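Taking it in order: structure first as structure tokens, then the write-up.
The values are calculated or read from the model by the stated rules, or taken from the named source; none is laboratory data. The structure presented is a predicted model; accordingly, all values stated were derived computationally and were not measured. Reconstructed Cβ throughout: ideal geometry from the backbone, glycine too, with neighbour counts over all protein chains shown. Surface accessibility is based on the protein's heavy atoms, side chains included, excluding ligands, DNA and RNA. Shrake-Rupley method; radii C 1.70, N 1.55, O 1.52, S 1.80 Å.
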Amino acid sequence: MVMVLYYKYLKLTKGDLMKNTEKLTIEDVLRRPLFSSAQIVAGHEGKHNEVSWVQILDMFSENVRANKDDFILTTGLAIHDNAEVRSSYMIDLLTRDVAGLCISLGPYFQSIPSDLIEFANIHNLPIITINNSINLTDLIKDLQTQIINQQFQLNKDATEFSRTLQELTLQWADIQDIIDFLHIHTFHPIFYYPIGGKIHSIPIGSSLVSNKTIEIFKQEIIKRHNITQKPFQIKTDNEMMIICQPIICFGQTMSYIGMLLLPSQNNDYHNILLEHTNKAIAQILLRSLYVKESNLKHQNHFLLDLINQKIKNEEQAMTRMGLVPLKKGQYLFIPGLCEIEHHNISNIDSEDIETRNQSIIVLLRSLLQQQDIHSLFLNKDNKIYILCVTETTSFSSNKIIKDILNKIILQLKNTLYESANKSKIYIGFGEFKNKVTHLYESFKEALHALDVNRLLPSNEAFYEDIGMYQLIRCIHDQPLLSNFIKKHLQTIIAYDNRQKSDLLKTLSTYLKCNCSKEETAKQLYIHRQTLYRRLEKLTHLLGNDFLLPEKRLCLEVAIHFYESIPTNNTLSHNK
């Protein structure tokens with residue numbers, strides 16, 4: 001810890017918090033020497049109302065209006081002899097949410113009419129009476145000086161608070177130090193919630209920080225997360241509120257900081273302190289993320305070896321990645337490639353591009369980590385190589401993971417477009433594998449998916465979803481073309497080899513005959529029942545959806561290249 005922090009008080013009460021109200025209230029006004037003979041005659045429940053300014057206002061006009069939290073002084077000149085005018089005057093005060101009304105007793109009001117008292121009591125609008133011997137101008141001068149001095153002191157205090165936070169940050173304070181300091185400075189309970197982590201509350205043991213309050217705080221954040229990044233307020237179960245601010249790094253909300261207040265307290269001042277705390281925590285989070293990245297440089301060597309096909313031993317690969325064998329399920333490896341198209345790239349030097357890419361890695365790692373996906377990165381040739389690692393226990397997990405990755409891609413694209421001069425990002429993922437040593441081809445697939453992602457409006461990120469576009473760049477790449485053919489036909493070829501059957505020829509003829517069973521049987525010189533049995537076997541091997549347009553097209557192209565390129569016939573000898 002950078003500094004030793006402790007609290008004298010753990011059992012905070014509402015009374016303790018009220019003593020710490022920094023803004024002037026009606027109750028404070030009554031303690032001023034010039035108000036020593038004043039009395040509050042109605043609206044006693046509003047005595048804690050905050051006072052932001054003071055002015056004399058006998059009657060509203062278009063040019064003279066009350067503002068929120070104003071303390072209004074009046075002689076009663078325009079309202080003393082007409083109940084309807086008084087009612088309109090009081091409704092206008094209530095609508096404008098003034099702090100209170102002070103009436104000078106004298107020629108216009110010897111006492112306060114019952115209608116005013118009744119209205120003030122119903123709406124908790126304080127009415128204070130003073131003797132007309134007291135000059136209203138002196139009262140205004142006294143209160144305005146007090147308010148200005150208090151505001152100056154609050155600004156000075158907030159500035160000093162910010163300066164101390166900066167010093168703590170430079171001294172490598174951690175987040176706990178920062179929220180401890182905020183609590184000691186304000187004497188208010190503080191909540192900190194890192195996304196995906198556990199809520200921290202200070203002080204522990206306070207009667208105001210119940211488990212129910214913490215749960216309300218958590219549920220409200222979950223409801224608002226990914227919907228808004230603006231500060232908000234949360235009403236608690238004990239007639240208090242939590243003012244809350246999201247902590248944002250790289251355009252993404254990483255955590256939340258909140259402070260428990262009474263509804264009547266100075267939100268503006270406390271929000272300023274929260275903003276300063278917010279910035280300090282964001283700096284620490286960024287620093288932590290960059291330090292973590294610098295400590296993970298050994299990943300570069302591992303991914304370089306992987307994409308250069310130097311990883312041959314699965315056990316050694318797992319050890320280098322820090323993965324231990326699972327008792328249940330298995331690891332799922334998702335290789336990907338990311339490329340950023342920087343706006344106005346002619347004005348950006350290579351070092352700046354490297355820095356921007358590193359920032360994207362930090363953000364992307366954080367987004368993946370929030371979804372419990374481990375990740376390795378390599379920044380090379382303006383491309384970011386990605387290896388995602390997660391655990392899976394069922395085949396359905398693949399779709400779930402794709403949905404998660406698509407959501408992260410969308411977040412990343414929106415963040416970059418808004419915060420990085422309209423930069424665009426292109427991402428491609430190869431086929432998911434269960435072994436590290438099988439990832440070489442998948443990284444090549446990821447590159448092709450990225451190229452398709454750049455060219456096509458559909459923006460499909462996954463190689464297995466781009467269908468025919470898998471062949472855009474691999475017509476002249478014999479190994480990749482063979483891999484495409486193998487992906488779509490290997491199960492049939494292997495079955496034909498084992499059973500000495502003609503399923504591939506049957507499929508080819510069936511597709512050429514536009515799926516006409518009668519014409520196919522005629523072309524193959526077989527009975528229709530024999531054709532039906534073969535089609536059932538094809539459905540079993542290829543799936544019920546093999547005649548859907550996209551899959552059918554892939555099958556037709558794969559058969560075409562298999563039959564027209566002799567070298568591809570070596571596939572028949574693989575198994």
Total Lys pairs in segment 85-241 closer than 18 Å by alpha-carbon, pairs eight or more apart in sequence or interchain only?
8
Take each of the peptides 314-321, 31-38, average the number of other beta-carbon atoms within 10 Å over its residues, and list them starting from the highest.
314-321, 31-38
Peptides 44-52, 427-435 ordered by average Cβ neighbours within 10 Å, highest first
427-435, 44-52
HN-Hα J in Hz across segment 487-495 - Karplus 6.51, -1.76, 1.60, θ = phi - 60°, x for Gly and Pro:
4, 8, 10, 4, 5, 6, 4, 5, 5
Could you tell me the distance between the Cα centroids of segment 483-504 and segment 22-95, to the nearest Å?
90
Could you pull the accessible area for Tyr440 with a 1.4 Å probe, rounded to 10 Å²?
60
Along segment 73-87, what does the Karplus equation 6.51 cos²θ - 1.76 cosθ + 1.60 (θ = phi - 60°) give for ³J(HN,Hα), rounded to whole Hz, x for Gly and Pro?
9, 8, 8, x, 3, 9, 10, 6, 10, 9, 5, 5, 5, 4, 4
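Under 37 °C and 0.692 mPa s, how fast does segment 132-234 diffuse according to Stokes-Einstein, given a Kirkwood radius computed over C-alpha pairs? Answer in µm²/s, whole number.
Estimated diffusion coefficient is 191 µm²/s.
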Note the per residue figure in Å³ for the convex hull of the C-alpha positions in segment 90-185.
149
Could you tell me how many cubic angstrom of Cα convex hull volume segment 39-154 has per residue?
103
Using a Förster radius of 41 Å, what is the FRET efficiency between Arg31 and Asp81 based on their Cβ-Cβ separation? Nearest 0.05, please.
0.80
Show me 355-367, 133-145, 169-181 ranked by packing, highest mean number of other Cβ atoms within 10 Å first.
355-367, 169-181, 133-145
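Ratio to report: Rg/Rh of segment 352-395, with Cα atoms as the point set and Rh obtained by the Kirkwood method; give two decimals. Before the final figure, lay out each step's value.
Values: Rg = 12.2 Å, Rh = 11.4 Å.
Rounded to two decimals, Rg over Rh is 1.08.
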